[in-house]
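Input: a single structure, listed below in structure tokens.
The values are calculated or read from the model by the stated rules, or taken from the named source; none is laboratory data. Just so it is clear, the structure is predicted and the values come from calculations on it, not from any experiment. Positions of Cβ are generated from backbone atoms using ideal geometry, with glycine treated the same way; all protein chains shown enter the neighbour counts. Note: areas computed on protein heavy atoms with side chains; ligands, DNA, RNA excluded. Shrake-Rupley method; radii C 1.70, N 1.55, O 1.52, S 1.80 Å.
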Amino acid sequence: MTDRSLKIRGLVKEYKRGVPVLKGIDLDIAGDGITAIIGPSGTGKSTLIRCINRLVEPTSGQILFQGMDLAQLKGAELRAARRRIGMVFQEYNLVERLTVMENVLTGRLGYMTAFKAWLRKFPPSDIEEAYSLLDTVGLANFANQRADSLSGGQRQRVGIARAVMQHPEILLADEPTSSLDPKTSVEIMELMADLAGKRNIPVVVNIHNVELAKRFCGRMIGMTGGKVVFDGDPSALTDANLKEIYGGENWIE
Amino acid sequence: MSTPDATTAGMNAINREWRRFTFEQRFIRFAFYFIAVAALVMSLRHIEFIPEFLYDAPAQVQDFFARMWPMDTAYYGKSVHDALIETLNIATLGTLLSILLAVPVGMLAANNLVPFAPLNYFAKLILVSSRSVNSLVWALLFIAVFGPGALAGTLAIAFRSIGFVGKLFGEALEECQRGPIEALTAVGAPKASVFTKGYWPQVKPAFWSIALFRWDINVRESAVLGLVGAGGIGMAMDTAQNLFRWDQVAVVLLTIFVVVILAELIVTYIRKKVL
């Protein structure tokens with residue numbers, strides 16, 4: 001069994017020179033379970049998650065995963081690392097004009113040549129797996145429907161299926177429930193907890209709903225101003241902590 | 001667009017004045033209209049049209065139509081039909097060739113696909129040079145190289161179309177949603193797969209729409225190319241005109257008219273069905 005922990009050391013990201021959004025983040029995310037990152041908008045939660053799979057280029061620092069420094073990878077090595085990091089997005093980011101099945105199968109693109117992908121020559125085992133995943137997320141009857149015909153919750157299920165198709169060793173989720181209604185949000189969190197639990201992989205999720213995070217996550221990380229200000233068990237998160245993370249207090253019930 | 005900022009507006013709450021344009025904007029607008037009218041007056045004085053030619057225009061037009069009627073319908077079977085087929089071939093082959101050449105250039109021009117400004121500008125230079133030369137001029141160039149005939153016509157159509165197809169295709173690529181592209185990048189897909197599975201599904205409707213529209217234009221353009229000797233129906237018209245056979249010219253004009261309408265109908269039909 002490979003070491004599935006993620007170690008972030010001194011991570012700094014500056015979009016504008018001298019204006020760091022992340023001001024030296026140190027984090028260890030080990031084993032399994034869901035880790036929630038909470039914090040006000042614009043505090044760098046998304047940037048942090050996107051630095052891990054390099055959708056955003058870190059300015060400095062290390063992101064150690066399975067003995068590699070993700071921050072240093074280039075070209076084919078970076079692609080090989082990315083295919084083991086699943087990602088779920090707030091706006092689902094499906095290819096709208098492709099069918100649900102094709103969208104799920106895009107999770108395998110990192111494992112096949114562009115030519116085979118173009119000819120849609122997916123291995124039968126992949127297609128079988130995609131079908132069983134669609135069963136799991138409750139969309140078996142939608143396989144040949146276009147992604148743009150689905151509702152938000154259904155799209156996010158496809159997004160999760162696509163990420164799981166990668167056989168990821170860590171799952172990142174960037175505000176996966178922020179565009180969804182409360183009931184669907186819970187269902188989506190349950191689905192991620194379920195799938196990640198079965199596969200024994202860690203999940204890192206950015207989330208705005210503190211109650212939802214407390215309910216599903218084994219660990220909470222509070223960020224404000226580009227720094228980690230809270231890190232611990234959800235039960236240890238007090239109103240004082242929340243005040244420090246978000247500022248103000250009138251919003252706390 | 002002048003929105004006074006909130007604090008000053010609050011202070012002179014009594015005397016709030018709203019104007020659609022600032023003083024500078026009004027001045028620029030006035031200057032624009034003034035120059036436009038001045039240019040119209042100057043150009044009217046410059047072209048020196050001769051009124052006498054206008055007075056007998058109705059008679060000339062009448063005479064013209066009298067010479068055209070009755071049409072020499074036998075001329076269609078004799079030389080118009082073959083020329084028409086050649087015109088359609090020139091338009092179709094020229095469009096296909098232009099697509100082959102324009103797609104890579106359009107991709108280079110799209111700054112989200114190729115995030116390297118010098119290459120973008122290079123591609124845009126190719127596209128602009130293709131468009132800035134009229135197809136008749138391209139035809140003259142290719143006639144000089146390959147001699148008169150359909151080959152020169154096809155290449156003229158193709159080279160004129162590169163700019164059009166490439167520019168619109170490149171712009172369609174640039175308008176692609178960023179999200180799905182990001183998702184496929186995050187999956188670890190090779191660049192080529194990101195293109196075929198991320199960009200292509202998004203630009204496919206635009207691509208077919210551009211290709212059909214350009215074919216439609218090229219049918220019309222290739223009808224004229226014969227006038228400079230680049231093959232097709234224009235050559236039949238040129239010959240008839242040089243022999244003052246207006247009854248034959250009328251046949252050619254009617255044929256072109258019918259073909260252009262048919263092309264339009266076909267393109268509209270396909271677009272409705274496919275897109």
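Annotations
- Rounded to 10°, Cα long-axis angle of helix B:150-174 versus longest principal axis of chain B: 20 degrees
- Chymotrypsin sites (Phe, Trp or Tyr not before Pro) within region B:174-275: DSSP coil, no more than 15 neighbouring Cβ in 10 Å: B:244
- Mean sequence separation of contacting Cα pairs (under 8 Å, at least six apart), scaled by the length of region A:119-253, corresponds to a relative contact order of 16 percent.
- Once Rg and the Kirkwood radius are both taken over the C-alpha atoms of the protein assembly as shown, their ratio Rg/Rh works out to 1.13.
- Between the residues B:28, B:176, A:10, the greatest Cα displacement towards the positive end of the dipole of the protein assembly as shown, with unit charges on the Cβ of Lys, Arg, Asp and Glu, is found for A:10.
- Surface per residue (accessible, 1.4 Å probe) for region A:116-193, Å²: 43 Å²
- Per residue, the average separation of C-alpha pairs within less than 8 Å and at least 6 apart gives chain A a relative contact order of 27 percent.
- Rounded to the nearest 0.05, the FRET efficiency derived from the C-beta distance between residue A:214 and residue B:192 at R0 = 45 Å is 0.55.
- Among the residues of B:175-181, the average count of other protein chain beta-carbon atoms within 10 Å of the residue beta-carbon is 4.
- Point-to-point label distance, residue A:120-residue A:250, nm (Cα→Cβ direction, 7 Å offset): 5.6 nm
- Think of each Lys and Arg Cβ as +1 and each Asp and Glu Cβ as -1; about the Cα centre, that makes the dipole of the protein assembly as shown roughly 740 debye.
- Averaged over A:105-114, number of beta-carbon atoms from partner chains that fall within 10 Å: 6
- Taking a straight line from the alpha carbon of residue A:45, these lysines sit under 30 Å away, with near neighbours fewer than eight places off in the same chain left out: A:7, A:13, A:16, A:23, A:74, A:183, A:198, A:214, A:227, A:243, B:191, B:197.
- Within chain B, the longest run free of exposed loop sites, counting GluC sites (Glu not before Pro) that sit outside DSSP helix and strand states (H, G, I, E, B) and have at most 15 other Cβ atoms within 10 Å, spans B:49-174.
- Buried accessible surface for the A/B pair, both sides summed and rounded to the nearest 100, is 1900 Å² with a 1.4 Å probe.
- Each peptide in A:49-59, B:109-119 was scored by the mean count of other Cβ atoms within 10 Å over its residues; highest first, the order is A:49-59, B:109-119.
- Put simply, the amide H of residue A:14, placed in the peptide plane, has neighbours under 5 Å in A:21, A:59, leaving out anything fewer than 5 places away on its chain.
- For residue B:82, solvent-accessible area (1.4 Å; no DNA, RNA or ligand), Å²: 110 Å²
- Distance from the Cα centroid of region A:216-253 to that of region A:74-113 is 32 Å (rounded to whole angstrom).
- The residues of region A:58-87 occluded by other protein chains by 20 Å² or more of accessible area, set against the chain on its own, are A:79, A:82; surface from heavy atoms, 1.4 Å probe.
- For residue A:178, the accessible surface of its heavy atoms amounts to roughly 50 Å² (probe 1.4 Å, protein chains only, rounded to the nearest 10).
- Computed E for residue B:178/residue A:167 - FRET, C-beta separation, R0 22 angstrom, nearest 0.05: 0.30
- Cα-projected label distance for residue B:260 with residue B:92, points at 7 Å along beta-carbon direction, nm: 2.1 nm
- Taking the protein heavy atoms of chain B in the context of the full set of protein chains, the accessible area attributed to carbon and sulfur is 70 percent at 1.4 Å.
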